[in-house]
Amino acid sequence: MDRRHFLGKGVLGLLGLGLLANLGCRSHQTAQVMKPGQPDMVGSHAAGAETYKPLVDTAVANLLARQGEQVVPAGGDASQFSAPKRVCFVGVENKGIEEVGDFKEQIYQQIDTRIVQSQAYQPVSRRFVEAGLRETRLRPDELFLPPNMRKFVAAMEQMGQPFDYLMYATLTSGTTRNNKDYQRDYLLTLEMVNVQTGHYDKESAELSKGYNVSMGAKLRHMTPLR
């Protein structure tokens, strides 16, 4: 066989194999609109909507329901309990191992929306809350000290935004490992203080999620026997 002809066929063959390999490795990303009622996609490496939504729904519902249990005295006027209580929700702090990313804003908005939907409570506008924090030069986690709380309440009243309750949210996590597989327990904690009486209440919601590594990945990480 002619040597040049042989080499030419070899080069063409290699080019063909390279083209097939390139086509085989190329991936195409697709998307679809989630229908109402359809289960949320489960994140394979971190928490997502499937984790944060149930945590918010459970914690907010339980806390507001317990705070709303008021007994009207015999012969008392029940109308005094009909006006929505104002809640100043000051923020979400992430103390978990994962970066929350854009879900931090989602969690804030979900909690704020649940407060509105309760109909027994009315949230203070976030713009006023942020203005009050700037005015007092306080961080949200510092507001639970009595002197700081009084300073913040006074600043909000000067802006025409008095409130009855101060609310703060904290997200934490704990990890249990089994070789390459692991379980992560997510905890959303809501703290709520009645600024008039100083009564403190707290509610938590927990959700556990398992993360499993594929067998191929496990084998690649195994130490070869010597």
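Just so it is clear, none of the values below were taken in a lab; they were calculated from the coordinates. Values in this document were obtained by computation on a predicted structure and should not be read as measured data. Glycine also receives a Cβ, built like all others from the backbone with ideal geometry; neighbour counts cover every protein chain displayed.
Descriptive notes on the structure:
- When each of the peptides 104-116, 85-97 is scored by the mean number of other C-beta atoms lying within 10 Å of its residues, the order from highest to lowest reads 85-97, 104-116.
- Rounded to the nearest whole Hz, the Karplus-based 3J(HN,Hα) values (6.51 cos²θ - 1.76 cosθ + 1.60, θ = phi - 60°) of region 204-212 follow the sequence 10, 10, 10, 9, 9, 9, x, 10, 10, with x at glycine and proline.
- Förster-model FRET efficiency, 45 Å R0, Tyr211 and Gln158, C-beta, rounded to 0.05: 0.35
- Amide H partners (placed H, <5 Å) of Tyr121, local residues excluded: Lys85
- Each of Val193, Val60, Val100 was scored by other Cβ atoms within 10 Å of its Cβ. Arranged with the fewest first, they read Val100, Val193, Val60.
- Over 20 Å between alpha carbons, listed pairs Lys180/Lys209; Lys151/Lys202; Lys53/Lys104; Lys53/Lys180; Lys53/Lys209: Lys151/Lys202; Lys53/Lys180
- Stretchable slack from Glu135 to Asn62, in nm (0.36 nm times residue separation minus alpha-carbon distance): 23.0 nm
- Residues whose amide H comes within less than 5 Å of that of Phe89, counting only those at least five positions distant or on another chain, are Val124, Met167 (H built at 1.01 Å from N in the peptide plane).
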